[in-house]
Amino acid sequence: MSGDALDRFIAARRERFTEELRELCAIPCEASDHTALDAAARWCRDRLAAAGFADARELRAGGAPALVVGETGSGKRVLVGVQHYDVQPAVPLDLWKTPPYQPALRDGAMYARGVDDNKGHLLLRIQAIEAHRAVLGELPIRVRFLIEGEEESGSPNLAKLLALEPGLTDADGALKEGGALDSEGRSILSLGGKGILYCHFRVRTMTRDAHSGGATHYPNAAGRLAHAFASLVDVKGRVQIEGFYDDVRQPTDADRAMLERMPFDARATRAVVGIEAFAFGRTDDEAKWASVFEPTCNVCGIESGYNGPGSKTVIPAEATGKIDFRLVPDQDPMKIAALLRAHLDRHGFGDVEFSAEEGEHPYRGPADAPLVRAVAAVAEEAFGTPAVLVPSSGGTSPMWVVCNPRRMANVTLGMGHPGAGAHAPNEHILLENYWRALRATARLYSEFATAR
Ligand SMILES: [Zn+2]
């Protein structure tokens, strides 16, 4: 790290900042642990207050985990930081080298559940406020944090919580949770995310399992579900639900140009999972395009009948399965659920039941925005190489509910590296990247004030 005042400030506080990260990551705030979620919300509220957010507070609706909000700084522009303190479950625990909630430092890395997604990012964005104040002076913009506790469960109450104070989403740009570097150390700036519809399926064909000698006339639930699922997508990956693509927004020329500039290492992408060719016969260019602009219908799991050791000749009476649809702008998850029901009924699968448990809208913000230019500039400066703009990542964040009313720009600016293992065992971050991202974020708070 070179030696200007900002770097010296960060270097002098490495120990305290690392200790804070350890403290936050030690709170096991998985969706099922309400005490821990409360503790994490309180921790975030107190940390905002310590960083000069005079109005830091917790908003509550029903039994949902608190939305922690606070604002600091002054100036014309408002930057809203959309973050979360909840984490994915740490199971299976035996795959962790050190316990997920006992943050461990090894070889310049910190290991803990949530250290990348999203606690490290959340915390460095607060620490960057202190760095800015100490080195660059009072914030020339207003920074408002919205830190939710249900992001990993699909943010089911975020809209309700935001509605408690309608001004919360009035802003000029959003700093989205997370953020990553690619294998070349380039900062990946994601300007959008896919939406999601998650469905739980069930089909029951008989009151009980039957001897497979009766397979000539007893209906097999596993077969029913397999046929129903097969009717949803063709071998080219095209979703067959009538009307599914009707609302898909065509990429603009700017989107296409961004895709053109976006690196895509097809060989490495295949190597990660040990395949020689992409699914659906997609070429490298088609796979790259689809990763950004195509919606999907993905079977997450199927369960039915006998899968134990040896054989059992049985006709299963019940089958269950789960599918996630990743959606692109401007598909609406609840409308897709209605189209799915109509498709099943029309194709003779009226007996296949499903419930839509999770729905989030996709969101792709503008690329031609002061926030995007400001983030690209500070990322290039801090990481020493030009950033890569990505119109949309394959994942889902609750940006539609925050950004759509004003069609606001949103972007990531983070430090996760390709092997960080978010959502997986041994999740970790490299501290060197953490300090660089902290520097970039502190500079962003100034840069955004005047960016055109
Ligand atoms: Zn996250």
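The values are calculated or read from the model by the stated rules, or taken from the named source; none is laboratory data. Remember, it's a predicted structure, so these values are computed and weren't measured experimentally. Reconstructed Cβ throughout: ideal geometry from the backbone, glycine too, with neighbour counts over all protein chains shown. Just so you know, the surface numbers come from the protein's heavy atoms only, side chains and all, with ligands and any DNA or RNA stripped out. Shrake-Rupley method; radii C 1.70, N 1.55, O 1.52, S 1.80 Å.
Is there a residue in segment 265-277 that is touching a strand residue (DSSP E or B) at 6+ places or on another chain (Cβ under 9 Å) and either exposed (fewer than 15 other Cβ atoms within 10 Å of the Cβ) or part of a helix (DSSP H, G or I) (or both)?
Let us first name the residues in segment 265-277 that are touching a strand residue (DSSP E or B) at 6+ places or on another chain (Cβ under 9 Å), namely none.
Scanning segment 265-277, I find no residue that is touching a strand residue (DSSP E or B) at 6+ places or on another chain (Cβ under 9 Å) and either exposed (fewer than 15 other Cβ atoms within 10 Å of the Cβ) or part of a helix (DSSP H, G or I) (or both), so the answer is no.
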Here is a list: 203, 135. Which entry is open to solvent by 30 Å² or more (accessible area, probe 1.4 Å) and among the hydrophobic types (A, V, I, L, M, F, W, C)?
135
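Restricting to segment 402-422, name every residue that is buried (at least 21 other Cβ atoms within 10 Å of the Cβ) and either within 24 Å of residue 327 (Cβ to Cβ) or of a type in the set (Ser, Thr, Tyr) (or both).
We begin by selecting, within segment 402-422, every residue buried (at least 21 other Cβ atoms within 10 Å of the Cβ); these are 402-403, 408-416, 420.
Hits for segment 402-422 are 402, 403, 408, 409, 410, 411, 412, 414, 416.
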Residue list for segment 45-90, restricted to those being closer than 21 Å to residue 400 by Cβ and either among the hydroxyl-bearing types (Ser, Thr, Tyr) or assigned to a helix (DSSP H, G or I) (or both):
85
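Does residue 338 qualify as being part of a helix (DSSP H, G or I), surrounded by fewer than 17 Cβ atoms within 10 Å (Cβ to Cβ) and at pLDDT 95 or above?
It is true that residue 338 is part of a helix (DSSP H, G or I), surrounded by fewer than 17 Cβ atoms within 10 Å (Cβ to Cβ) and at pLDDT 95 or above.
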Of 89, 100, which residue is within 16 Å of the ligand (Cβ to nearest atom) and crowded, with 23+ Cβ neighbours inside 10 Å?
100
Scanning segment 103-120 for residues that are open to solvent by less than 10 Å² (accessible area, probe 1.4 Å) and closer than 19 Å to residue 41 by Cα, the one nearest to the ligand (Cβ to nearest atom) turns out to be 118
Report, by residue number, each residue of segment 423-452 that is away from the ligand (no atom under 16 Å from the Cβ) and surrounded by fewer than 17 Cβ atoms within 10 Å (Cβ to Cβ).
425, 432, 450, 452
Please specify each residue of segment 279-333 satisfying the condition of being touching a Lys or Arg at 6+ places or on another chain (Cβ under 7 Å), open to solvent by less than 40 Å² (accessible area, probe 1.4 Å) and free of Cβ contacts under 8 Å to residues at least 60 places away in the same chain.
290, 301
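State all residues of segment 134-156 that are more than 16 Å from the ligand (Cβ to nearest atom) and touching a strand residue (DSSP E or B) at 6+ places or on another chain (Cβ under 9 Å); if no residue qualifies, say none.
The first filter runs over segment 134-156 and keeps only residues more than 16 Å from the ligand (Cβ to nearest atom), leaving 134-144.
Scanning segment 134-156 gives 139, 141, 142, 143, 144.
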Restricting to segment 158-180, name every residue that is more than 16 Å from the ligand (Cβ to nearest atom) and open to solvent by less than 30 Å² (accessible area, probe 1.4 Å).
161, 162, 168, 169, 171, 173
